[in-house]
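**Q** Starting off with a structure, shown below.
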Amino acid sequence: MAVVAPEATLEFSRPAGDTLVLRLSGAWTIHERLPSVDDVERELEAGGAVRRLLFDTECLAAWDSALLTFLLRVAAQADGRGVAACRGGLPEGVRRLLALAMAVPERRDIGTAAARLSWLARVGLATLEGVRDAGVTLTFVGAVSIAFARSLLGRARYRRSDFLLVLQEVGAQALPIVSLISFLVGVILAYVGAIQLRQFGAQVYVADLVGIGMTREMGAMMAAVIMAGRTGAAFAAQLGTMQVNEEIDALTTLGISPIEFLVLPRMLALAVMMPLLALYADLLGLLGGMAVGVGMLDLGVVEYYLRTIGAIGLDDCVAGLIKASVFGVLIAMAGCLRGIQCGRSSAAVGAATTSAVVTGIVLIIVSDAATTVIFDLIGL
């Protein structure tokens, strides 16, 4: 037979003129209908000034968070009127929970707009933040350089199986998307060239345009952009999740360098695979240009092939492969840097992933411009 808990009741008494006693009885739970705090407020206003508030809970049957909420509101009313609320008559568990709830005062500025800083202060803060980021980046680059030197001496500590796994992820598994994008880029280059060259009856030079454009610039760059969005983001998400789960801290505690164990295999794998992906992208781009040249411009397959072979030189291929290697190192470093810099929340992982993609693409464009100028100066 179920036992019905007595109804929650609230009674008042005044043993002294300046003392008000609240007698709580019955079950004070969220499933019961509880007395209103307004009754306490009316009692505090009536019958003269009250200086002390006491509690009597001898007849209290059961309680939960509903009682705590009621007492907190009563304490707030008493505090606003300068009434001292004595918690000695409350159960020990209630006293501990009230002390915990009132240990940190409620912030009064929640929802208010922060004071707007002057433009000079904002410039200064942005400058300091930029200097800190530059310092962190230089430290990371130095640590990666040391780890790479140790790997050349055979002293780097990382698992070869991890290197092979990353090699597969950034190589063979990236072929489908690289194939699609590279083929379409070749088609686009051929169409753009055909529109202009057809006006002068020089359609055959489409093969030269596509060949040089793909091998020297677009093959390596498009493969790098794809890998920045695909692999760079994956690196940042992986290391960021490890940062959230404190796995990187565990490696440091064990005396294992996270740079050698986590960053170095990824950087080496991407640096090795990017030239191969660039060559593959060049081939698919040439096939895309040939599809347009043969199908739209009525060029022969042999003729298009001979024009392409004649236009592409060894220096064009070397320039593209060098750029691809540089892009691979920069993408891996950007993804791993943002992953290691990640905070300790899921939102921080998302921000690190986004930042890795943006940083990788910016580095690709900047390095491509720099290498193009350098190659022109040295005659490559």
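The values are calculated or read from the model by the stated rules, or taken from the named source; none is laboratory data. Predicted model, so just to flag it, every value in this text is computed and none were measured. No Cβ is skipped: glycine too gets one built from the backbone with ideal geometry, and neighbour counts run over all protein chains shown.
**Q** Determine if region 190-203 includes at least one residue that is surrounded by fewer than 21 Cβ atoms within 10 Å (Cβ to Cβ), assigned by TED's automatic domain parsing to the domain that holds A351 and either under 30 Å from L262 (Cα atoms) or in contact with a strand residue (DSSP E or B) (Cβ under 6 Å, 6 or more places away or on another chain) (or both).
**A** For region 190-203, residues surrounded by fewer than 21 Cβ atoms within 10 Å (Cβ to Cβ), assigned by TED's automatic domain parsing to the domain that holds A351 and either under 30 Å from L262 (Cα atoms) or in contact with a strand residue (DSSP E or B) (Cβ under 6 Å, 6 or more places away or on another chain) (or both): absent.
This table checks each residue for (1) in contact with a Phe, Trp or Tyr (Cβ under 9 Å, 6 or more places away or on another chain); (2) at pLDDT below 90.
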site	(1), (2)
P258	no, yes
L279	no, no
L284	yes, no
D298	no, yes
G310	no, yes
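**Q** Could you grab me the full set of residues in region 46-55 that are surrounded by fewer than 17 Cβ atoms within 10 Å (Cβ to Cβ) and part of a loop (DSSP other than H, G, I, E, B)?
**A** Just the residues of region 46-55 that are surrounded by fewer than 17 Cβ atoms within 10 Å (Cβ to Cβ), to begin with: 46-49, 51-52.
Of everything in region 46-55, those that are surrounded by fewer than 17 Cβ atoms within 10 Å (Cβ to Cβ) and part of a loop (DSSP other than H, G, I, E, B) turn out to be A46, G47, G48, A49, R51.
**Q** Out of everything in region 150-203 that is aliphatic (A, V, I, L, M) and part of a loop (DSSP other than H, G, I, E, B), what residue ends up being modelled with the highest pLDDT?
**A** L153
**Q** Which residue out of I312, I340 is within 21 Å of the chain's Cα centre (by Cα) and β-branched (V, I, T)?
**A** Checking each option against the conditions leaves just I340.
Residue-by-condition table, conditions (1) free of Cβ contacts under 8 Å to residues at least 40 places away in the same chain; (2) within 24 Å of R338 (Cβ to Cβ); (3) not aliphatic (A, V, I, L, M):
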position: A126; (1), (2), (3): yes, yes, no
position: E129; (1), (2), (3): yes, yes, yes
position: R150; (1), (2), (3): no, yes, yes
position: A190; (1), (2), (3): no, no, no
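**Q** Given the criterion out of contact with any strand residue (DSSP E or B) (no Cβ under 7 Å at 6 or more places or on another chain), surrounded by fewer than 12 Cβ atoms within 10 Å (Cβ to Cβ) and not basic (K, R), identify the matching residue among A143, A134.
**A** Residue meeting the stated conditions: A134.
**Q** Looking at T371, T359, T353, which is the one that is surrounded by 15 or more Cβ atoms within 10 Å (Cβ to Cβ), closer than 28 Å to Y205 by Cβ, among the β-branched types (V, I, T) and touching a residue at least 12 places away in the same chain (Cβ under 8 Å)?
**A** On inspection, the qualifying residue turns out to be T371.
**Q** Here's a follow-up. The conditions are (1) assigned to a helix (DSSP H, G or I); (2) among the basic types (K, R); (3) in contact with a Lys or Arg (Cβ under 9 Å, 6 or more places away or on another chain), and R87 fails exactly one of them. Which is it?
**A** Answer for R87: the failing condition is (1).
**Q** Assigned to a helix (DSSP H, G or I) and under 26 Å from V170 (Cβ atoms): is that true of R307 in this structure?
**A** No; evaluated as a whole, the condition is false for this residue.
This table checks each residue for (1) surrounded by fewer than 19 Cβ atoms within 10 Å (Cβ to Cβ); (2) among the β-branched types (V, I, T); (3) not assigned by TED's automatic domain parsing to the domain that holds V94.
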| site | (1), (2), (3) |
| --- | --- |
| L20 | no, no, no |
| G26 | no, no, no |
| T29 | yes, yes, no |
| L44 | no, no, no |
| T57 | yes, yes, no |
| L60 | no, no, no |
| D79 | yes, no, no |
